[in-house]
Amino acid sequence: LQDGSELSITIGGSASDQVVVAGAATLEGTITLDIALSSAPTPNQIYRIIDGTSPVAGYAAGARFSFDGNILDEGAQIFVANGAFNQVFTISYNAGGGTDVVLMAIPEPGTFAGLFAAAGVLVGIRRG
């Protein structure tokens, strides 16, 4: 993908668009990432946006995706709001042994808080 180009993908549920590359994908400069949400993404789901068979080239030389004008380094989080759906994702350029670029849907903090609160209630009931 060349400097100044755009990669548009759609994510929904547990599926996403992806670029499949026989060999190594090469990133050059800054590539704009455009993400549309067709339904609510599945928390902790990994969405492979580049699926290669050889290591992704260009990241070590400074090539990056950008989203909403922000350069995305390894592990960067992005917030995607699209119609009725919104989601925080983390990007990795080193997935699949370095051959893939992925986005992981990060669960909302309230999801864990609710889980821990429910566990606390159960423990309290058991002790009583």
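Residues that are assigned to a strand (DSSP E or B) and either closer than 16 Å to Gln87 by Cα or open to solvent by 50 Å² or more (accessible area, probe 1.4 Å) (or both) within region 1-18 comprise Glu6, Ser8, Ile9, Thr10, Ile11, Gly12, Ala15, Ser16, listed in sequence order.
Name every residue in region 74-100 that is small (Gly, Ala, Ser) and part of a strand (DSSP E or B), in order of residue number. Walk me through it before giving the result.
If we filter region 74-100 for residues that are small (Gly, Ala, Ser), which is where we start, we get 75-76, 81, 83-84, 92, 95-98.
Scanning region 74-100 gives Ala81, Ser92.
Taking the numbered list (1) of a type outside the set (Lys, Arg); (2) closer than 28 Å to Glu108 by Cα; (3) surrounded by 15 or more Cβ atoms within 10 Å (Cβ to Cβ) in turn, Asp73 passes all entries but (3). For region 26-57, residues that are in a loop (DSSP other than H, G, I, E, B), open to solvent by 30 Å² or more (accessible area, probe 1.4 Å) and closer than 18 Å to Phe85 by Cβ total 7.
The values are calculated or read from the model by the stated rules, or taken from the named source; none is laboratory data. Remember, it's a predicted structure, so these values are computed and weren't measured experimentally. Note that each Cβ is placed from the backbone with ideal geometry, even for glycine, and that neighbours are counted across all protein chains shown. Protein only, heavy atoms only, side chains kept; ligands, DNA and RNA dropped before computing areas. Shrake-Rupley method; radii C 1.70, N 1.55, O 1.52, S 1.80 Å.
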